Amino acid sequence: MDLSSILSFLGVAILLTLIPGPDNLFVLAQSISNGKKAGILTALGLSTGLIFHITAATLGITAIIYQSAIVFSIVKYAGAAYLLFLAYKSFREKDSQLDLNDENSISYKSLYRKAVISNLLNPKVSLFFLAFLPQFINYTNGNVTKQMLIYGILSLIQSLVIFILISIFAGKVRNYLKKNPTIAKKINLIQGSLFTLIGLKIAFTHK
């Protein structure tokens, strides 16, 4: 592995992470609704899920899931159903105003768990590692497993950094909402819409 390959990989990986997708939208929704700390916990949960995807891609498990239409569909629709359920819960509370000044009542453990589940049930992440990582592997250098792990770890680190930056940005949006009660009252509606968008994006994922 040479420096130019690593930098090329990071450049493409960062661009793909910045494109609006299920993970960064999930961080955005949680950060606006529950605060910057909640967004960072969500980012850590998503990164925990990435560890599983990286390991699965390295061991070839992802390829098995990808080749099985049934397993792929089960993972895809389970993920979509879970996020649509979260959207439903948000829409049920659409007329209630969140207390944006109170972050002590938030269950950060629950937020972390939701993020892990959301990432694990997102087949787009598995497909990313299955289709993307091999393009940067130098098979003449041998030790393909080691190369896959290194690229996977680099991908995890850059994703975590971007997710945290999104949390910080969303935290500023949250501060703005504190000064605008009318908008704040609709925060559950905004969160529900984001969860719906994420769920639909996963549901319509193709191999």
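The values are calculated or read from the model by the stated rules, or taken from the named source; none is laboratory data. Quick caveat: nothing in here was measured; it's all calculated off a predicted structure. Glycine gets a Cβ as well: all are built from the backbone with ideal geometry, and neighbour counts include every protein chain shown. Ligands, DNA and RNA are excluded from the accessible area calculation, which covers all protein heavy atoms including side chains. Shrake-Rupley method; radii C 1.70, N 1.55, O 1.52, S 1.80 Å.
Would you say SER107 is open to solvent by less than 50 Å² (accessible area, probe 1.4 Å), modelled with pLDDT of 75 or more and closer than 19 Å to ASN34 by Cα?
Against the criterion (open to solvent by less than 50 Å² (accessible area, probe 1.4 Å), modelled with pLDDT of 75 or more and closer than 19 Å to ASN34 by Cα), SER107 does not qualify.
Being in a helix (DSSP H, G or I) and either within 12 Å of SER118 (Cβ to Cβ) or open to solvent by less than 10 Å² (accessible area, probe 1.4 Å) (or both) is the filter here; which residues of segment 34-46 pass it?
Within segment 34-46, the first condition is being in a helix (DSSP H, G or I), and the residues that meet it are 34, 36-46.
Within segment 34-46, ALA38, GLY39, THR42, ALA43, GLY45, LEU46 meet the criteria.
Do we find a residue being open to solvent by less than 50 Å² (accessible area, probe 1.4 Å) and modelled with pLDDT of 90 or more anywhere in segment 124-138?
no
Can you pull out the residues in segment 4-42 that are out of contact with any Phe, Trp or Tyr (no Cβ under 6 Å at 6 or more places or on another chain) and of a type in the set (Val, Ile, Thr)?
Answer for segment 4-42, where residues must be out of contact with any Phe, Trp or Tyr (no Cβ under 6 Å at 6 or more places or on another chain) and of a type in the set (Val, Ile, Thr): ILE6, VAL12, ILE14, THR17, ILE19, ILE32, ILE40, THR42.
For segment 31-55, which positions are over 16 Å from PRO123 (Cα atoms), more than 14 Å from the chain's Cα centre (by Cα) and of a type outside the set (Gly, Ala, Ser)?
ILE32, ASN34, LYS36, LYS37
Being more than 16 Å from LEU50 (Cβ to Cβ) and modelled with pLDDT of 85 or more: is that true of ALA203 here?
Working: more than 16 Å from LEU50 (Cβ to Cβ): yes; modelled with pLDDT of 85 or more: no.
Considered against the rule, which asks whether it is more than 16 Å from LEU50 (Cβ to Cβ) and modelled with pLDDT of 85 or more, ALA203 comes out as no.
Taking the options PHE9, PHE26, PHE52, name whichever one is among the aromatic types (Phe, Trp, Tyr), open to solvent by 40 Å² or more (accessible area, probe 1.4 Å) and part of a helix (DSSP H, G or I).
PHE52
Quick one: LEU165 ticks every box in (1) open to solvent by less than 10 Å² (accessible area, probe 1.4 Å); (2) under 19 Å from ASN34 (Cα atoms) bar one, so which box is it?
All conditions pass for LEU165, except number (1).
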